[in-house]
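A.B. asks: I'd like to ask you about the structure that follows.
Values quoted throughout were computed directly from the atomic coordinates according to the rules given, and no laboratory measurement underlies them. Since this is a predicted model, take the numbers as computed values, not measurements. Ideal geometry is used to build each Cβ from the backbone, glycine not excepted, and the neighbour counts take in all protein chains shown.
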Amino acid sequence: MDVDIVCVGFGPATAGFLSTLSKRLVNEDGTPAVESAVAPGMPPQVLCYERADDIGFGVSGVVTRARALRASFPEIEKAGIPMTAPVCEEKVLYLLDPHGASRRSTTLRLADSFIHAFKFALPFEHYALNLPWTPSFLHKRGGMVLSVGQFMQWVGAQVQSAGTVQIWPGTPVSQALIEKDKVVGVRLLDQGVDKNGQPAGGFTPGMDIYAALTIVGDGPVGPVGQQLNAHFGLPEGHHTRDWAVGMKFVVDLPEDTPLKPGTVLHTFGYPEPEIFGFLYAHPDRVASLGIFVPSWFDSPVRTAYRQLQHWMLHPYLWRYLKGGKLRSWGAKTLGESGRRGEPHLAGDGYARIGEGSGSTNVLTGSGVDEAWATGTLLAEAVLELLKAKKPFTKQNLEETYVKRRRASWLDEEAIVAEKSRDGFQKGVVRGMLGMAIAGLTNGRFTLGGDPVPPWKRIPSIEKYYRGRVSPKEITRLRGECRAKSVSLHAALMDKAGWPAIPFDGQLLVSHQDALLMGGKVQAPPGCADHVVFLYPELCEKCGTKICVEICSGQAITPGETGVPNFDREKCVHCGACLWNCAQPLPYDSERGNIAFRAGPGGLHSAEN
Ligand SMILES: Cc1cc2nc3c(=O)[nH]c(=O)nc-3n(C[C@H](O)[C@H](O)[C@H](O)COP(=O)(O)OP(=O)(O)OC[C@H]3O[C@@H](n4cnc5c(N)ncnc54)[C@H](O)[C@@H]3O)c2cc1C
Ligand code: SF4
Ligand code: SF4
């Protein structure tokens, strides 16, 4: 099939692109403002393919300054988008450890003792220090709390009602079609295949869609973005080594909750010092809350689910959450390399937008607005080229899109943020200081630290637990867990002194129950496995098996031969396995032994 423009993924970036473009493809009298090259006399034919089974079925950000969103929708507050509230109160909290089970550096232990000794004089309550001052770059004052799922559904309806673009959910793009270094369109996923991708009953090969311009907005771990990174390489000195997996709950708060809609809490320090947390209150007693497990967290025991439950049970938060109920749950990767992870933004026949194009600002903790802005800048550039009847060549896209990006607030702020978090490579205290210094000096000064991929820095389980759990005990637990085909993290956390989770069937539920109750995770039949262990021999000799320990959905489990098993029906498509493999590829040390390919299904909730 031939179209004019094809888009991969309908996240905030592509939504920004299509919102801007769709309004300007026809004149007020209905005649085309610019003409299609494939359907003469018509406006350009624009298609967008989204992997998830419906629009907004992902996991995404919820507090934003909304600068770019407001530029597109000046009346956004009055649009009646469910779960939206203006930010009314912001707190940054340092959480102390009430159980003594977390791994704290000597500096942090000293800080904790100081806080305990002087708590009578400090803004301290329920084992948490409310930081009396936070720098302005962290604030979202004047911003909004929203559910990106609800927002995306609203935007999707707006975009489609313009009648000039089509969005197709439940339609993963398997790859970009590249001819002599020019992207000429995309290929959709094969249907009716077995788990290895071999034709089975009802085989339908993925359709090829040819387009003059392919827009890649498939997020931080999208397969088409990964393919382009592998094919074209990254610009000199760029890399994508900084990541985090964010896991969140949407909950009904108890009836007597004192949390006002628009309340924003950010935390650090617990359950492990490296883990950041957030709680945002929506209207009608609903809250979004969760944690981020970053790539520089030096623990092989990384599953966010159990860590999230301990975070919720922290006394400062539990007093708000006790009696609450799980509505929805999910997890998603955040690309944290920022500008340093920026790929080639444009080439012959293609342009990159959104988080996969390095737009997320790691200093201000903001990704939605930035992704949206990249989409609107590209739309302006595309309209300029369409009107001038110029082709979508690398040069033309660089002179229009990339030039606009370089001149925007987006790039100005990305430069300030670029090295702001490098300090975390050498510890949390250094990381926090580095962020403050970078923010207060507009990025002129930073605290260094070389970002390295997880496989290079994560120690073996034996080394990490030295002095806490004996190697003999680890071997025993490993055997036990392998026999049950479950990950090791829960058994190790129990041994290391973490209290058991008091399941209540409402909010504190098992990981499996969260998949069904919260994520309503599904996988349609007839598709190949989208998580593939590339070289089984690397898995066989891999001791840490971080892929099993990180998996957000318990979809990767220990396998009998040493090669893990993958169960599509439990996969939430968070993408964390992609960057958490413990073994680099023999020919590319920037990539691990897992391929994260296109696949449908995953979460079925538009509240996240
Ligand atoms: C838990 C969590 C909390 C966050 N909190 C905040 C916050 O408070 N504020 C903030 O500003 N930002 C926040 N962020 C970051 C923000 O969500 C991202 O920066 C933003 O969503 C990036 O938008 P995007 O359009 O580039 O990519 P994405 O939102 O990742 O969208 C990409 C889309 O492409 C689709 N896709 C992927 N592969 C394919 C394929 N092969 N074919 C078709 N479609 C495909 C995906 O399903 C997805 O819908 C948070 C992120 C997480 C994970
Ligand atoms: S995928 Fe990577 S982490 Fe998982 S077992 Fe194989 S080599 Fe180890
Ligand atoms: S297998 Fe699925 S759920 Fe597990 S880490 Fe990979 S993408 Fe996430």
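A.B. asks: From the Cα trace of segment 300-368, what convex hull volume per residue do you get, rounded to a whole Å³?
C.D. replies: Cα-based convex hull of segment 300-368, divided per residue, equals 158 Å³.
A.B. asks: Which of the peptides 525-534, 596-605, 124-133 is most tightly packed, and how do the rest follow, judged by the mean count of other Cβ atoms within 10 Å per residue?
C.D. replies: Working: 525-534: 19.0, 596-605: 22.9, 124-133: 15.2.
Put in order of decreasing packing, that is 596-605, 525-534, 124-133.
A.B. asks: Taking +1 at the Cβ of each Lys and Arg and -1 at the Cβ of each Asp and Glu, which of G56, G100, N196 sits farthest along the dipole of the chain towards its positive end, judged by Cα position relative to the Cα centre?
C.D. replies: Going by the Cα projections, it comes out as G100.
A.B. asks: Using alpha carbons only, what's the Rg to Rh ratio of segment 363-403 with Rh from Kirkwood?
C.D. replies: Ratio of gyration radius to Kirkwood radius for segment 363-403: 1.12.
A.B. asks: As an exercise, take the mean of 1/r over every pair of distinct alpha carbons in segment 445-563, invert it, and state the Kirkwood radius in angstroms.
C.D. replies: One over the average 1/r among Cα pairs gives 17.0 Å for segment 445-563.
A.B. asks: Now for a separate question. Please work out how much length the chain gains when fully extended from F203 to A71, using 0.36 nm per residue of separation minus the C-alpha to C-alpha distance, in nm with one decimal. Could the numbers behind the result be given before it?
C.D. replies: On the way: separation 132, 0.36 × 132 = 47.52 nm, distance 4.54 nm.
Contour length minus Cα-Cα distance gives 43.0 nm.
A.B. asks: If you build the convex hull over the alpha carbons only and average its shadow over all orientations, what do you get for segment 310-435? Give it in nm² to one decimal. Walk me through the numbers before you get to the answer.
C.D. replies: Values: hull surface 42.8 nm².
Average projection, Cα convex hull of segment 310-435: 10.7 nm².
A.B. asks: Now for a different question. Given 4 °C and 1.567 mPa s, how large is the Stokes-Einstein diffusion coefficient of segment 82-234 in µm²/s, with Rh as the Kirkwood radius over Cα pairs?
C.D. replies: In µm²/s, the coefficient is 60.
A.B. asks: For labels at E28 and V429 in the simple 7 Å Cα→Cβ model, what's the distance in nm?
C.D. replies: 6.5
A.B. asks: Related question: Starting from 0 in steps of 10 Å, tell me what percent of the Cα-Cα pairs of segment 258-333 lands in each bin.
C.D. replies: Cα pair-distance distribution for segment 258-333, in percent: 17, 53, 26, 4.
A.B. asks: Can you give the extra length, in nm with one decimal, that the chain gains between A117 and D284 once fully stretched, where that is 0.36 nm per residue apart less the Cα-Cα distance?
C.D. replies: 56.2 nm
A.B. asks: What is the Cα radius of gyration of segment 1-103 over 2.2 N^0.38 Å, N being its residue count?
C.D. replies: Details: Rg = 20.7 Å, N = 103, 2.2 N^0.38 = 12.8 Å.
For segment 1-103, the normalised Cα radius of gyration is 1.62.
A.B. asks: Given the rule -39500 (n - 2.57) for each run of at least 4 DSSP H residues, summed and divided by the residues of the chain, what is its mean residue ellipticity at 222 nm, to the nearest 500 deg cm²/dmol?
C.D. replies: -7500 deg cm²/dmol
A.B. asks: On the principal axes of its Cα set, how long, how wide and how thick is segment 57-160? Give whole Å, largest value first.
C.D. replies: Principal extents (largest minus smallest coordinate, Cα): 58, 27, 20 Å.
A.B. asks: Tell me which of N565, A555, G519 sits at the most positive position along the dipole axis of segment 493-593, charges placed on C-beta atoms (Lys, Arg +1; Asp, Glu -1).
C.D. replies: The residue sitting most towards the positive pole is G519.
A.B. asks: Just grab the label-to-label distance for N130 and S470, each label 7 Å out from Cα along the Cβ direction, in nm (one decimal).
C.D. replies: Modelled inter-label distance: 4.8 nm.
A.B. asks: Percent of Cα-Cα pairs more than 26 Å apart in segment 240-374, please.
C.D. replies: More than 26 Å apart: 31 percent of the Cα pairs in segment 240-374.
A.B. asks: Which GluC sites (Glu not before Pro) does segment 234-316 hold that lie in a coil by DSSP with at most 16 other beta carbons within 10 Å? Show your work: numbers first, answer last.
C.D. replies: Numbers: sites: E236, E255, E274; in loops: E236, E255, E274.
Listed in order of number, the matching sites are E236, E255.
A.B. asks: For segment 562-608, what is the convex hull volume of its Cα atoms per residue in Å³?
C.D. replies: Given the Cα convex hull of segment 562-608, per-residue volume reads 101 Å³.
A.B. asks: Could you tell me which residue out of A117, V87, N27 lies farthest along the dipole of segment 1-148 toward its positive end? Charges go on the beta carbon: Lys and Arg +1, Asp and Glu -1, centred on the Cα centre.
C.D. replies: A117
A.B. asks: Let me ask another. How much length is gained on full extension from K180 to W318, taking 0.36 nm per residue of separation minus their Cα-Cα distance?
C.D. replies: Details: separation 138, 0.36 × 138 = 49.68 nm, distance 5.72 nm.
Taking 0.36 nm per residue and subtracting the Cα distance, the gain is 44.0 nm.
A.B. asks: Computed FRET efficiency, Cβ-Cβ of H238 and A595, R0 25 Å: what is it to the nearest 0.05? Please list the in-between numbers first.
C.D. replies: Details: r = 21 Å, r/R0 = 0.85.
With R0 = 25 Å, the Cβ-Cβ based efficiency is 0.75.
A.B. asks: Can you give me the Cα centroid spacing of segment 337-411 and segment 94-144 in angstrom?
C.D. replies: Centre-to-centre (Cα) distance: 38 Å.
A.B. asks: Another question, then. How big is segment 416-512 along each principal axis, measuring the range of its Cα positions in Å and listing the largest first?
C.D. replies: 53, 36, 22
A.B. asks: Right, another one. Assign unit charges at the C-beta atoms only (+1 for Lys and Arg, -1 for Asp and Glu), then state the dipole size of the chain relative to its Cα centre in Debye, rounded to the nearest 20.
C.D. replies: Once rounded to the nearest 20, the dipole reads 1560 debye.
A.B. asks: Taking only the alpha carbons of the chain, what extent do you get along each of the three principal axes, in Å, biggest first?
C.D. replies: Principal extents (largest minus smallest coordinate, Cα): 74, 55, 46 Å.
A.B. asks: Specify, per residue and in Å³, the volume enclosed by the convex hull of the alpha carbon atoms belonging to segment 517-604.
C.D. replies: Dividing the Cα hull volume of segment 517-604 by its residue count gives 96 Å³.
A.B. asks: Can you pull the Kirkwood radius for segment 105-189, inverse mean 1/r over Cα pairs, to one decimal in Å?
C.D. replies: 19.3
A.B. asks: Here's another thing I want to ask about it. Given a cut-off of under 8 Å on Cα pairs at least six residues apart, what relative contact order in percent is computed for the chain? Please report the intermediate quantities before stating the final value.
C.D. replies: Numbers: 1431 pairs, mean separation 115.3, N = 608.
Worked out over the chain, it gives 19 percent.
A.B. asks: Additional query: Between D588 and E560, what FRET efficiency follows from the Cβ-Cβ distance if R0 is 25 Å, with the result rounded to 0.05? Can you show the working numbers first?
C.D. replies: Working: r = 29 Å, r/R0 = 1.14.
Result of the calculation: an efficiency of 0.30.
A.B. asks: While we're looking at this one, here's another question. Please work out the Kirkwood hydrodynamic radius for segment 188-270, using every pair of different C-alpha atoms, and report it in angstroms with one decimal place. Mind showing how you got there, number by number?
C.D. replies: Values: mean 1/r = 0.0537 Å⁻¹.
For segment 188-270, inverting the mean 1/r across all distinct Cα pairs yields 18.6 Å.
A.B. asks: With the Cα gyration tensor of segment 468-512 in hand, give its eigenvalues times 5 under a square root as the equivalent ellipsoid semi-axes, listed largest first in whole angstrom.
C.D. replies: Ellipsoid semi-axes (Å, largest first): 23, 14, 5.
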